[in-house]
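Student: The structure's right below; bear with me while I get my questions together.
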2 protein chains.
Amino acid sequence: MAKKTRSSPRREDSLSRDRIIEASVAILDGSGEDGLTFRALSERLATGPGAIYWHVPNKGDLLTAACDAIIARAMNAPLVGATPQAIIRTLALGMFDAIDAHPWVGSALTRAPGQLPMVRILERIGRQVSALGVPDEEQWATVGALLNYILGVGAQNAANGQLGRMRGIDRSDFLDAVATSWSQLDPNAYAFTRSMAAHLRGHDDRNDFIAGIDLILSGIEASRRL
Amino acid sequence: MAKKTRSSPRREDSLSRDRIIEASVAILDGSGEDGLTFRALSERLATGPGAIYWHVPNKGDLLTAACDAIIARAMNAPLVGATPQAIIRTLALGMFDAIDAHPWVGSALTRAPGQLPMVRILERIGRQVSALGVPDEEQWATVGALLNYILGVGAQNAANGQLGRMRGIDRSDFLDAVATSWSQLDPNAYAFTRSMAAHLRGHDDRNDFIAGIDLILSGIEASRRL
DNA sequence: CATTCTATTGGAACGTCGTTCCATTTATGT
DNA sequence: ACATAAATGGAACGACGTTCCAATAGAATG
């Protein structure tokens, strides 16, 4: 890769970081994480791997950049919300929907700690936590609770999609298979897990996700009242 | 790979699933996720890749099995706790410490959704949530909040360790580098993140982690009182 | 004890990946 | 028009997960 210089492209059909990222997102959406290879990318862009490396340092950075393109879109959506709580809920749902539409974002996020995509989310949520009146010394832990919960659900959704794809079945069939295997566990050793198997079938991911957010929000409120 | 039959080994130095998993854990601890290859494993066990495949179906399953060995140890530790809350705190800290000692477990966990290692954690936490008096229909979301938070922190710790290793620096130096890059962000667009940069240096991961657990626990309590 | 059979072994080989290298092409500045 | 530098694209490298298969070693059989 090299430093950037020129402002206007030298050729009409020239390569650019943005075109590469755009193509990467398309491949990731269409073929999942494993589908993104420099060879697939070369073919789609009608070029060779070497040309791509002129614009992008390595695959990890490319994945992070593709992830950031999605996150930036999700976090720049206009926020209509009366209270900080309402805005946090909207932000969280925005993340959920973004990862639901682009499952690879879930795992890409966890591989880029402290980098741009994560910082975007941290900032948006942090401001609302601050607006909530959480004292300075508790803000990190509070934002961390929300952020890590969102990341945890996202990573889980990503993994479900990935495993399902590998076995050639869709997400709900995969969850069904998990529910079946849970219901065959030892009744004594895994009583709780067995009781959850029923709930796992046909539950609403999104509802359960936002219920978790509400739980944390009410924890924040409870702590604030002490 | 093949089906299991024999009970006693045919040779003294014979291969076995357990010996392979044990060696995998050693390699993962010593060289991180990328260090675990069938070639490295072959060398350590003084055999060839083909022999390993007789006992293990593929790399993914091997990683999950290695992960499960760590999780099983952590979740079978004796639990002394007066209240369900205290037990949940102990379990969560056990997970934190296990991932801190074996960072690769953090990312291995997210790649095995609904499988044995996750189920172990789900069961242990679920029982305490149940003991807490959370109504049946809220148990899934409640356990999910705790579990996903733990997973999120774990994945984050794993990623920090992995990125640090790649750059040849240790964890605290890596966090320091992140803090530096945060403090150079635009003051208007990233005011909150900048204010967190200071906290990031020299904070106690473990304390912040348990503070998040307490936040969720108090949210559970608050919801229960409604 | 000799022989057969089958579970296991270990190393060679295949296809794919990320990445590097480099000869070639294209636009710019003189 | 020519020299220079930016940008391209395809060949090649080393490492990986996995498959294949000829060789072994203990168990079972006679």
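Student: Between B:Ser31, B:Gly212, B:Leu226, whose Cα lies farthest towards the positive end of the dipole of chain B when Lys and Arg beta carbons carry +1 and Asp and Glu beta carbons carry -1, centred on the Cα centre?
Tutor: Going by the charge dipole, the pick is B:Ser31.
Student: Next up: Helices from chain B with mean Kyte-Doolittle at least 0.5 and a Cα length along the axis of 20 Å or more, per DSSP H: which?
Tutor: The answer, listed by residue number, is B:59-75, B:84-101.
Student: Name the residues of segment B:145-178, by number, that are at least 30 Å² less accessible with every protein chain in place than in the isolated chain; the surface is that of heavy atoms, probe 1.4 Å, without ligands or nucleic acids.
Tutor: B:Ala145, B:Asn148, B:Tyr149, B:Gly152, B:Gln156, B:Ala159, B:Leu163
Student: Got a number for carbon plus sulfur as a percent of segment B:79-224's accessible area, 1.4 Å probe?
Tutor: 51 percent
Student: Let me ask something additional. If I take R0 = 25 Å and measure r between the Cβ atoms of B:Asp13 and B:Tyr53 in this structure, what FRET efficiency does the formula 1/(1 + (r/R0)^6) give, to the nearest 0.05?
Tutor: Working from the Cβ atoms, E equals 0.85.
Student: Which three semi-axes in whole Å describe the equivalent ellipsoid of segment B:177-219, each the square root of 5 times a Cα gyration tensor eigenvalue, listed largest first?
Tutor: 25, 13, 5
Student: For peptide A:190-200, what's the mean number of Cβ atoms from other chains within 10 Å of each residue's Cβ?
Tutor: That average works out to 5.
Student: Here's another thing I want to ask about it. Hey, got the dipole for chain A? About the Cα centre, +1 on K and R Cβ, -1 on D and E Cβ, debye to the nearest 20?
Tutor: With Lys and Arg at +1 and Asp and Glu at -1, about 760 debye.
Student: Any idea how far the Cα center of segment B:154-198 sits from the one of segment B:67-103, in Å?
Tutor: Using only Cα atoms to place each centre, the spacing works out to 27 Å.
Student: Let me ask something else about it. With springs connecting C-alpha atoms under 10 Å apart, model chain A as a Gaussian network and identify which of A:Ala158, A:Ala46, A:Ala92 has the largest mean-square fluctuation.
Tutor: The residue that fluctuates most here is A:Ala46.
Student: Let me ask something additional. Taking just the alpha carbons, could you work out the radius of gyration and Dmax for chain B, both in angstroms?
Tutor: 20.7, 70
Student: For B:Glu221, what accessible surface area do you get with a 1.4 Å probe? Give it in Å², rounded to 10.
Tutor: Here the accessible area works out near 60 Å².
Student: Given +1 on the Cβ of Lys and Arg, -1 on the Cβ of Asp and Glu, and no further charges, what dipole in debye does segment A:154-224 carry about its Cα centre, rounded to the nearest 20?
Tutor: Magnitude of the dipole: close to 160 debye.
Student: Hey, what number do you get for chain A at 222 nm if only DSSP H runs of n ≥ 4 count, each worth -39500 (n - 2.57), divided across all residues, to the nearest 500?
Tutor: Rounded to the nearest 500, the figure is -23000 deg cm²/dmol.
Student: For the protein assembly as shown, give the magnitude of the charge dipole about the Cα centre (Cβ charges: +1 Lys/Arg, -1 Asp/Glu; no others), in debye to the nearest 20.
Tutor: Using Cβ point charges on Lys, Arg, Asp and Glu, the protein assembly as shown gives about 880 debye.
Student: Moving on to the next point. How big is segment A:142-206 along each principal axis, measuring the range of its Cα positions in Å and listing the largest first?
Tutor: Sorted from largest, the Cα extents of segment A:142-206 read 38, 31, 19 Å.
Student: What's the ranking of A:163-171, B:107-115 by average number of surrounding C-beta atoms within 10 Å, highest first?
Tutor: B:107-115, A:163-171
Student: What is the distance in Å between the Cα centres of segment B:11-32 and segment B:123-139?
Tutor: 37 Å
Student: Return the tail of the calculated pair distribution for the protein assembly as shown, meaning the percent of Cα-Cα pairs more than 33 Å apart.
Tutor: Pairs farther apart than 33 Å: 38 percent.
Student: If eta is 1.306 mPa s and T is 10 °C, what Stokes-Einstein diffusion coefficient results for segment A:55-126, Kirkwood Rh from Cα pairs, in µm²/s?
Tutor: It comes out at roughly 126 µm²/s.
Student: What does a probe at B:Ala198 reach in segment A:134-148, counting residues whose amide N is under 18 Å from the point 7 Å along Cα→Cβ?
Tutor: Answer for segment A:134-148: A:134-143.
Student: Please report Rg over Rh for segment A:1-122, where both radii come from the alpha carbon positions and Rh follows the Kirkwood definition.
Tutor: Value, to two decimals: 1.03.
Student: Also, I was wondering about something else. Counting pairs of alpha carbon atoms under 8 Å apart in space and at least six apart in sequence, what relative contact order in percent does chain B give?
Tutor: Averaging sequence separation for qualifying contacts and normalising by length gives 17 percent for chain B.
Student: Work out the FRET efficiency for A:Ala101 and A:Ile169 from their Cβ-Cβ distance, taking R0 = 25 Å, and round it to the nearest 0.05.
Tutor: Efficiency for this residue pair is about 0.85.
Student: Using only protein heavy atoms and a 1.4 Å probe, how much accessible area in total is buried between B and A, to the nearest 100 Å²?
Tutor: Result for this pair: about 4400 Å² buried.
Student: Using a 1.4 Å probe on the heavy atoms of the protein chains only, list every residue of segment B:94-131 that has 30 Å² or more less accessible area in the complete assembly than in its chain alone.
Tutor: The answer is B:Thr110, B:Pro113, B:Gly114, B:Val119, B:Leu122, B:Glu123, B:Arg127 - residues whose exposure falls by at least 30 Å² when every protein chain is included.
Student: Sort shortest first the distances from B:Ala189 to its counterpart in every other copy, using label points 7 Å along the Cα-to-beta-carbon line, and give them in nm.
Tutor: With the label placed 7 Å along Cα→Cβ, B:Ala189 yields 5.3 nm.
Student: Using the heavy atoms of the protein chains and a 1.4 angstrom probe, tell me the accessible area per residue for the protein assembly as shown in square angstrom.
Tutor: Spelled out: the 1.4 Å probe surface of the protein assembly as shown, per residue, equals 48 Å².
The values are calculated or read from the model by the stated rules, or taken from the named source; none is laboratory data. Since we're looking at a predicted model, the values are computed, not measured. Neighbour counts run over all protein chains shown; Cβ positions are idealised from the backbone, glycine included. The area values use the complete protein model at the heavy-atom level, side chains included, leaving out ligands, DNA and RNA. Shrake-Rupley method; radii C 1.70, N 1.55, O 1.52, S 1.80 Å.
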